[in-house]
Amino acid sequence: MPFIPHTPKDTEEMLAAIGAPDLEALFDEIPAELRIGSLDGVPEALSEMQITRLMRERAGQDGNPLCFIGGGAYEHHIPAAVWDIATRGEYYSAYTPYQAEASQGTLQTIYEYQTMITALTGLDVSNASLYDGASALAEAALMAVRVNRKVKSRRILLAPGVHPVYAQVAEAIAGSQGLTFEWLPVNADSGKVDVDALPAGREPVAVVIQQPTFVGTLEDVDRLTDWAAEQGALSIAIANPTSLAVLKAPGHWGAAGADIACGEGQPLGVPLSSGGPYFGYMTCKSGHVRQMPGRIVGRTTDLDGEPGYALTLQAREQHIRRSKATSNICTNQGLMVTAATIYMSLLGFDGLARVASASQQNTARLADALCAIDGIERLYDGPHFHEVALRLDRPAAGVLDALADHGILGGLDLSRWRPELGNALLVCATETKTEADIAAYAGAMRDVFAPTARRRA
Amino acid sequence: MSELPGDLLYTKEHEWLRKENDGSVTVGITDHAQSALGDLVYVELPEIDQELDAEGEMAVVESVKAASDVYAPIAGVVVEVNEELSDDPEKINADPYGDGWIVRIQPSADVDDADLMSPDDYQSFLDDLDD
């Protein structure tokens with residue numbers, strides 16, 4: 001399907017037709033101080049040759065480091081077939097064509113994506129995806145307010161394991177619509193929800209539970225889901241989709257299951273790419289589907305009785321409900337979802353479970369190797385998924401700088417997000433890391449912590 | 001177009017009202033409204049005890065081709081909703097003035113008939129729409 005930009009003549013004619021002097025005039029309504037004239041590091045228009053050279057030079061600055069950073073985006077092996085197929089002409093478009101008469105392949109892909117995500121999360125319905133995990137939480141919070149009309153507080157309680165960036169984004173998006181976000185009390189020893197100090201009478205409209213937590217630990221999700229229900233609140237699960245191949249699906253948490261699940265889809269075949277584009281997933285119980293944001297593809301039969309695919313339940317959406325729509329999202333991350341669908345198809349459930357287990361084991365190995373060094377210990381005991389928070393005897397920032405000199409991206413400095421944890425570092429080793437990689441990291445860390453001793457040896 | 005029931009009052013938003021003996025008012029949408037919407041697939045009902053402002057949003061009716069707000073014709077408190085519509089929204093299509101009723105409201109003030117239309121007035125209103 002070609003998407004042909006307008007010629008300058010087209011633009012001129014259209015401007016003349018509406019009586020606007022130039023394109024700039026169309027943006028008059030936006031106050032000047034809200035507009036960004038230029039972006040740092042983004043030059044004026046360049047030729048293809050110039051831009052290729054510039055981008056190659058910039059990519060070269062990344063070097064080829066070993067990455068042990070998790071914290072919400074994860075380096076996994078992506079089979080070559082994933083992007084080979086996803087970038088075929090039939091799929092490779094900046095815009096997702098939804099017309100049923102022209103786009104059966106795309107719609108079927110999205111339908112299969114929805115099927116896979118509902119299977120992973122153990123819930124009934126999936127949308128066609130959202131922008132990313134953090135904005136998916138904001139959408140889930142707004143959705144919970146629409147669903148749970150009996151509770152008027154608009155108060156969302158967050159388990160302490162919720163990703164701090166997700167909380168910030170949710171606050172930025174939903175805070176302006178009257179929602180408030182409050183943290184549940186944390187047990188400092190475990191880093192998890194302090195289940196003995198759960199607040200009564202807060203009348204939360206929803207409780208958000210992340211599993212695995214931001215620091216890689218595992219919450220008692222059954223208990224928290226049941227507690228949310230007792231409070232009259234909906235439960236919103238945030239889960240790393242890879243982890244769901246080995247952990248209990250949100251739909252099976254507690255007595256009745258989580259009401260909504262959402263999270264970051266990047267681990268499913270989307271490269272790290274300096275932070276995006278990624279995609280957010282969202283699933284829910286069927287009873288809540290009318291309040292779900294985003295597009296939903298349904299399967300139907302055509303006049304000849306053949307299976308066919310079409311957007312469904314569109315009365316929730318902006319082009320029909322206008323200002324009353326469930327969300328202003330009228331699109332999805334089509335290309336990322338295509339890659340994720342192919343990734344999941346190629347790995348299968350067993351393959352995804354092997355990725356999850358290998359990542360979990362590698363991270364445990366890495367943590368053991370690092371904790372053998374004086375001055376490094378685990379921050380929390382107990383089971384972890386594929387991230388472990390470490391307590392260091394010195395600030396993490398300096399350690400990370402020193403590791404970078406060894407070609408190692410050593411993890412996420414938690415002091416920026418959780419200053420109360422002191423000198424803390426979040427490390428992650430997915431299935432992409434070999435024993436040699438882990439040994440290289442541990443060796444570099446020993447150098448950083450005891451440079452003189454090593455030199456003498 | 002079918003006969004308009006003579007014992008009801010009507011609004012320009014194509015809603016009907018029936019004053020019940022206990023002082024409450026039952027509300028639904030008219031045959032004209034259901035026919036314009038087409039086959040209904042979903043009805044979002046208000047909560048019992050919810051307070052309604054006159055002309056405020058009260059319910060949402062969704063058909064295969066559109067979703068529309070149903071506005072409260074009078075101010076009051078919701079005392080009963082037609083729960084059967086949750087599973088069977090097409091009752092509104094089949095019997096808009098009977099089984100397809102949507103909500104029963106306890107008015108916060110006496111209902112002023114002057115704000116509403118008689119069957120004859122509503123019929124004229126519909127006839128004008130067709131012109």
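The values are calculated or read from the model by the stated rules, or taken from the named source; none is laboratory data. Given the structure is predicted, the values throughout are model-derived calculations rather than measurements. We place every Cβ from the backbone using ideal geometry, glycine too, and count neighbours over all the protein chains shown.
What's the number of the condition B:ALA33 fails, among (1) over 28 Å from A:ARG321 (Cα atoms); (2) within 10 Å of the chain's Cα centre (by Cα)? All conditions pass for B:ALA33, except number (1).
Let me confirm something: among A:ARG365, A:ARG394, which residue is outside any helix (DSSP H, G or I), among the charged types (D, E, K, R) and at pLDDT 95 or above? Explain how you work it out, then say what you get.
Values: A:ARG365 fails: outside any helix (DSSP H, G or I).
The match here is A:ARG394.
Residues of region A:328-348 that are surrounded by fewer than 19 Cβ atoms within 10 Å (Cβ to Cβ) and either within 14 Å of chain B (Cβ to nearest Cβ) or at pLDDT below 95 (or both): A:ASN328, A:CYS330, A:THR331.
Just to be sure, is A:GLN108 outside any loop (DSSP other than H, G, I, E, B) and surrounded by 17 or more Cβ atoms within 10 Å (Cβ to Cβ)?
When the stated conditions are applied, A:GLN108 does not pass them.
Considering only residues that are assigned to a strand (DSSP E or B), within 13 Å of chain A (Cβ to nearest Cβ), buried (at least 17 other Cβ atoms within 10 Å of the Cβ) and under 14 Å from the mean Cα position of the chain (by Cα), which ones fall in region B:63-104? Talk me through it step by step, then tell me what you get.
Quick first cut of region B:63-104, residues assigned to a strand (DSSP E or B) only: B:63, B:67-71, B:76-81, B:103-104.
Add one more test, that the residue is within 13 Å of chain A (Cβ to nearest Cβ), and what stays is B:63, B:67-71, B:78, B:81.
Add one more test, that the residue is buried (at least 17 other Cβ atoms within 10 Å of the Cβ), and what stays is B:63, B:67-68, B:70-71, B:78, B:81.
Residues satisfying the conditions are B:SER68, B:VAL70, B:TYR71, B:VAL78, B:VAL81.
Scanning region A:187-208 for residues that are touching a Lys or Arg at 6+ places or on another chain (Cβ under 7 Å) and more than 23 Å from A:ALA136 (Cβ to Cβ) returns A:VAL195, A:ARG202, A:GLU203. Inside region B:105-118, residues that are surrounded by fewer than 16 Cβ atoms within 10 Å (Cβ to Cβ) and either under 19 Å from B:HIS32 (Cβ atoms) or among the acidic types (Asp, Glu) (or both) make up a count of 5.
Okay, residues lined up against (1) away from every other protein chain (no Cβ under 14 Å); (2) more than 19 Å from the chain's Cα centre (by Cα); (3) of a type in the set (Ser, Thr, Tyr); (4) part of a strand (DSSP E or B):
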| position | (1), (2), (3), (4) |
| --- | --- |
| A:ALA141 | yes, no, no, no |
| A:ARG146 | no, yes, no, no |
| A:GLY161 | yes, no, no, no |
| A:ALA167 | yes, no, no, no |
| A:GLU203 | yes, yes, no, no |
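Applying the criterion of being at pLDDT 95 or above and in contact with a Phe, Trp or Tyr (Cβ under 6 Å, 6 or more places away or on another chain) to the residues of region B:9-36, the residue that is surrounded by the fewest Cβ atoms within 10 Å (Cβ to Cβ) is B:THR26. Is it the case, given these coordinates, that A:ALA245 is in the same structural domain as A:MET282 (by TED's automatic domain parsing), touching a strand residue (DSSP E or B) at 6+ places or on another chain (Cβ under 9 Å) and in contact (Cβ under 8 Å) with a residue 12 or more places away in the chain? When the stated conditions are applied, A:ALA245 does not pass them. Given the residues B:ALA114, B:ALA72, B:ALA94, B:ALA109, which is the only one that is under 25 Å from A:ALA325 (Cα atoms) and of a type in the set (A, V, I, L, M)? Sole residue among the options that is under 25 Å from A:ALA325 (Cα atoms) and of a type in the set (A, V, I, L, M): B:ALA72.
This table checks each residue for (1) at pLDDT 90 or above; (2) buried (at least 19 other Cβ atoms within 10 Å of the Cβ).
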position: A:LEU66; (1), (2): yes, yes
position: A:HIS76; (1), (2): yes, yes
position: A:PRO79; (1), (2): yes, no
position: A:GLY89; (1), (2): no, no
position: A:SER93; (1), (2): no, no
position: A:ALA100; (1), (2): no, no
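Checking the condition free of Cβ contacts under 8 Å to residues at least 60 places away in the same chain and under 16 Å from A:GLY216 (Cα atoms), which residue from A:ARG418, A:ARG378 passes? Step through it out loud before you land on a result.
Numbers: A:ARG418 fails: free of Cβ contacts under 8 Å to residues at least 60 places away in the same chain.
Sole residue among the options that is free of Cβ contacts under 8 Å to residues at least 60 places away in the same chain and under 16 Å from A:GLY216 (Cα atoms): A:ARG378.
Has region A:314-326 got any residue that is away from chain B (no Cβ under 14 Å) and at negative phi? No, there is no match, as no residue in region A:314-326 is away from chain B (no Cβ under 14 Å) and at negative phi. For region B:50-62, taking the residues that are more than 10 Å from chain A (Cβ to nearest Cβ) and in a loop (DSSP other than H, G, I, E, B), the one that is modelled with the highest pLDDT is identified as B:ASP53.
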